[in-house]
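Undergrad: Dropping a structure here in structure tokens format, bear with me for questions.
The values are calculated or read from the model by the stated rules, or taken from the named source; none is laboratory data. As the structure is a computational prediction, the values presented were derived from the model and not from experiment. Cβ: placed from backbone, ideal geometry, glycine included. Neighbour counts: every protein chain shown. With ligands, DNA and RNA removed, areas are computed over all heavy atoms of the protein, side chains included. Shrake-Rupley method; radii C 1.70, N 1.55, O 1.52, S 1.80 Å.
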Amino acid sequence: AAFTRATEIDKNFAMAYYTLSGTNANLGDVTGALEALGKAWQLRSKTAEPDRLMIEARYYFWNQGDLAKASEVYETILLKYPHYQRAYIALALAYYHLLEFDKANTTVLRGLKNDSLNKLMWNWVAY
């Protein structure tokens, strides 16, 4: 509800649409997720570079189904911004869907070197 409200207040808030896309996907609303991500894609030029790259990578992953391109963009984020933790999980997920399980696990371990308290990454390692 908060991200929907944020987009109502500011129709140009790209990262609210980006986050709303993830929330919608987690709730099983695929149509809503793709619509929100499409809007984030349209507004991506108004964001900081790491956020723009995250939008682009998710768009390649979800809307285009191009996991290899998404992985390239996530790797670019991590080369430029090695402490951008969200990119590690996103990249690991892309590798997982590409059936590159060793790369997925290595990516999560790289992320844990930056933030050893990241519960989402520890959850990944555990399962």
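Undergrad: Please give the per residue accessible area of the chain, computed with a probe of 1.4 Å over protein heavy atoms only, in Å². Kindly include the intermediate steps, with their values, before the conclusion.
TA: On the way: 7360 Å² over 127 residues.
Value for the chain: 58 Å² per residue.
Undergrad: What's the ranking of 21-31, 83-93 by average number of surrounding C-beta atoms within 10 Å, highest first?
TA: Output ranking for 21-31, 83-93: 83-93, 21-31.
Undergrad: Return the carbon/sulfur percentage of the accessible area of segment 1-118, one whole number, probe 1.4 Å, all protein chains in place. Intermediate results must be reported in sequence, preceding the final value.
TA: Numbers: 3510 of 6480 Å².
Carbon and sulfur together cover 54 percent of it.
Undergrad: Follow-up. So what does the Cα-only Debye profile of segment 1-73 read at q = 0.16, 0.17 Å⁻¹, as log10 I(q)/I(0), no solvent term?
TA: -0.49, -0.55
Undergrad: Return the FRET efficiency for the residue pair TRP122, GLU72: r is the Cβ-Cβ distance, R0 is 25 Å, and the value is rounded to the nearest 0.05.
TA: For R0 = 25 Å, the calculated efficiency reads 0.40.
Undergrad: To continue, here is another question. Any idea what angle helix 67-80 forms with the longest principal axis of the chain, computed on alpha-carbon atoms, 0 to 90 degrees, nearest 10?
TA: So the helix axis and the longest Cα principal axis differ by about 80 degrees.
Undergrad: Using a Cα distance threshold of under 24 Å, what count of lysine pairs results for the chain when pairs must be 8 or more residues apart or interchain?
TA: So the count of such lysine pairs works out to 12.
Undergrad: Could you give P(r) for the chain, binned at 5 Å from zero, as whole percent values over all Cα-Cα pairs?
TA: So the P(r) values, bin by bin, are 2, 12, 20, 21, 21, 15, 7, 2, 0.
Undergrad: Any chance you could run the full-extension gain for ARG5 through LEU34? It's 0.36 nm times the residue separation minus the Cα-Cα distance, nm to one decimal.
TA: Values: separation 29, 0.36 × 29 = 10.44 nm, distance 1.78 nm.
Roughly 8.7 nm would be gained on extension.
Undergrad: Rounded to the nearest 500 deg cm²/dmol, what is the calculated helix-only ellipticity per residue at 222 nm for the chain, with -39500 (n - 2.57) per DSSP H run of length n ≥ 4?
TA: On the way: 8 runs with 94 residues, N = 127.
The helix-only estimate for the chain comes to -23000 deg cm²/dmol at 222 nm.
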